[in-house]
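Report on the structure given below.
The values are calculated or read from the model by the stated rules, or taken from the named source; none is laboratory data. These numbers come from a predicted model, not from an experiment. Backbone-built Cβ (ideal geometry, glycine too); neighbour counts: all protein chains shown.
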Amino acid sequence: MFDPAWFTLQTEFLAAWTGILCAIVLGSLILWIVIGVWVYRDAESRGMGGVLWLIIVIFLGLIGIIIYLVVRGSHPVRPPGGYWPPPGPGYAPPTGYAPPPGYAPPVPPPVAATAGTCKECGAPLVAGAAFCAKCGAKV
């Protein structure tokens, strides 16, 4: 015999599970999009070719992410300009280092030449000064 209550219960149960499965599928899709965007940006910041790694992660899934995480450890993040400025004197640049076009190391500010000392207070005088910077006496 046909029981309408049983049929209604089955329909509600099926509708609930369909909604849950749709939410899981949609959540998984959103998660993979977020992971893909992260892989692309992270690979680009390391100079590794973001599009290539995005394709690898999309096609290989979890295995692609594991491969990317293993390979990315040996690639340091590039600075925003994409160049590695030398940190200081005696620094040997890494293999393949190429400074940007027109790059010149910073020049220290010029040091004012002294033109002797003040007769009043003994402070050093700047070349071409008409008055002492310390006491204001005429030179």
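Test of understanding: among F2, F13, which residue is part of a loop (DSSP other than H, G, I, E, B) and at pLDDT below 90?
On the way: F13 fails: part of a loop (DSSP other than H, G, I, E, B).
Going through F2, F13 in turn, the sole match is F2.
Those residues that are at pLDDT below 80 and on the phi > 0 side of the Ramachandran plot, I need them from the range 89-139; list them, please.
Once the filter is applied, which keeps residues that are at pLDDT below 80 and on the phi > 0 side of the Ramachandran plot, the range 89-139 yields G90, G96, G102, G128.
Could you give me the residue pairs with C-beta distances under 6 Å whose first residue belongs to the range 38-60 and is in contact (Cβ under 8 Å) with a residue 12 or more places away in the chain and under 15 Å from V70 (Cβ atoms), whose second residue is surrounded by fewer than 18 Cβ atoms within 10 Å (Cβ to Cβ) and of a type in the set (V, I, T) wherever it lies, and which are 6+ apart or on separate chains?
Matching pairs, first to second residue: R46/V77.
Suppose we filter the range 47-69 for residues that are farther than 18 Å from V34 by Cβ and either surrounded by 15 or more Cβ atoms within 10 Å (Cβ to Cβ) or not assigned by TED's automatic domain parsing to the domain that holds I35 (or both); how many remain? Steps first, answer last, please.
Kept after step one, since they are farther than 18 Å from V34 by Cβ, are these residues of the range 47-69: 47-49, 52, 63, 67.
Next, from what is left, pick out any that are either surrounded by 15 or more Cβ atoms within 10 Å (Cβ to Cβ) or not assigned by TED's automatic domain parsing to the domain that holds I35 (or both): 48.
Matching residues across the range 47-69 total 1.
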